[in-house]
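The values are calculated or read from the model by the stated rules, or taken from the named source; none is laboratory data. What you see is a predicted model, and the numbers here were worked out from it, not measured in a lab. As a convention, Cβ positions derive from the backbone with ideal geometry for all residues, glycine included, and neighbour counts pool all protein chains shown. For accessibility, only protein heavy atoms count, side chains too; no ligands or nucleic acids. Shrake-Rupley method; radii C 1.70, N 1.55, O 1.52, S 1.80 Å.
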Amino acid sequence: MPEPLEMLHRPSCPVTLDCGGLEIQGFSIGGLATYLMVPEWKACFDIGECPVDAVRLSHVFLTHSHGDHARGLLRHFSLRRMLNMPQAEYHVPDFLVQPLQNLAQAWCDLEGHRNRPEYIPNFVPVAKYDTVELNRQLRVKSFPVDHRVRSLGFTAHEVRKKLKPEFAGTVGFELGALKRQGVEIETETLHPRLTFIGDTTLRTLEREPHCLDSETLVIETTFIMPDDVDMARPKGHLHLFELFDFLKANPELCKFEHLVLKHFSMKYTRGQIEALVRRNTPDFLKEKIKILI
């Protein structure tokens with residue numbers, strides 16, 4: 001007997017995945033809710049639901065405006081305010097700042113908080129190819145994503161610094177003096193740790209192949225059945241077969257160590273998803289695939 005669809009419908013109960021020592025927690029079923037929490041970074045990517053564990057996260061990155069990716073944002077803000085926590089930063093596409101402010105204002109009015117600006121979240125505008133510095137060790141860069149509505153994706157980079165060769169062997173106090181004088185004694189490199197893409201078509205990977213450089217790539221495969229191939233792109237989504245065909249044709253680009261598939265349609269059961277993914281995964285990806293269901 002097929003597994004009941006309601007077994008997939010628990011958006012407030014996140015799944016935990018270990019991606020090479022980086023723990024991610026989330027849930028993603030198309031049309032219902034998508035969010036991905038990274039507790040180590042105090043960050044959440046999309047917030048279609050707001051589980052209790054998300055409240056402690058102080059950075060929320062929003063890819064686009066569809067409700068299953070965005071409707072938990074005001075709940076997150078409200079719960080942090082109720083618990084007397086500092087306001088989080090909501091990093092949202094620049095073209096969504098005004099609509100989100102309008103939505104927040106309407107909700108304030110409904111709750112009887114008219115003309116109370118402290119009840120409006122801090123929406124931080126993010127343009128395409130923008131950079132957000134979370135801390136000295138972590139930067140998040142945005143990029144455009146192809147979907148039915150304007151969207152962004154995000155890549156979190158670890159900042160790595162290395163002493164320049166000409167200062168090798170220099171003692172600590174001398175290095176400190178040089179830094180105080182404004183001398184650049186280190187070189188800086190960015191190592192892509194995680195790329196999160198909300199809803200997308202294959203065009204995003206074709207246009208933004210750097211997404212495949214991250215240690216962990218989180219991407220949707222809403223449709224998985226052979227009969228559903230033709231409906232994926234017109235709906236602004238990605239089919240499992242499209243993704244695997246692209247990766248098989250470009251194996252040299254696949255630098256990721258973990259490929260997390262998400263946002264499966266509600267019409268599929270867990271058993272169908274696991275079987276279709278297992279049956280169609282190319283051999284060179286079999287050790288890298290993870291499913292967020």
Just the number please: accessible area per residue for the chain, 1.4 Å probe, all protein chains included, in Å². 49 Å²
Extension gain from Lys42 to Arg180, taking 0.36 nm per residue of separation minus the Cα-Cα distance: 46.6 nm
Which order do Arg114, Arg75, Arg80, Arg203 take by accessible area at a 1.4 Å probe, largest first? Arg114, Arg75, Arg203, Arg80
Using 1/(1 + (r/R0)^6) with R0 = 51 angstrom and r between the beta carbons of Arg279 and Glu118, what's the FRET efficiency to the nearest 0.05? 0.45
Report, by chain and number, residues whose modeled amide H sits under 5 Å from the one on Thr222, excluding near sequence neighbours (fewer than 5 apart, same chain). Leu238
Give the residue from Ala156, Thr34, Val97 lying farthest towards the positive end of the charge dipole for the chain; charges sit on Cβ (+1 for Lys and Arg, -1 for Asp and Glu) and the dipole is referred to the Cα centre. Val97
Computed from every Cα-Cα pair in region 205-289, P(r) in 5 Å bins starting at 0 and rounded to whole percents is 3, 14, 27, 27, 18, 9, 1
If amide hydrogens are placed 1.01 Å from N in the peptide plane, which non-local residues have theirs closer than 5 Å to the one on Phe27? Val15, Tyr35
Along the Cα→Cβ direction, 7 angstrom out, place labels at Arg10 and Glu287. What is the inter-label distance in nm? 3.2 nm
What is the sum of charges, Lys and Arg at +1 and Asp and Glu at -1, for the other residues whose Cβ falls under 12 Å from the Cβ of Leu103? 0
For the pair Gln101 and Leu253, how long in nm is the line joining their label points, each one 7 Å along Cα→Cβ? 3.8 nm
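Only bridges whose two residues both fall in the chain count here: according to DSSP, what percent of them are antiparallel, nearest 5? Don't skip to the answer; put the middle values down first.
Numbers: 36 of 60 bridges.
In the chain, approximately 60 percent of DSSP beta bridges are antiparallel ones.
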Starting from the amide H of Leu138, placed 1.01 Å from N in the peptide plane, find each other amide H under 5 Å away whose residue is 5 or more places distant or on another chain. Val159
In whole percent, how big is the carbon plus sulfur part of the accessible area of the chain, probe 1.4 Å, protein atoms only? 51 percent
Using θ = phi - 60° and Karplus 6.51 cos²θ - 1.76 cosθ + 1.60, couplings along region 156-161 (whole Hz; Gly, Pro as x): 8, 10, 7, 7, 10, 10
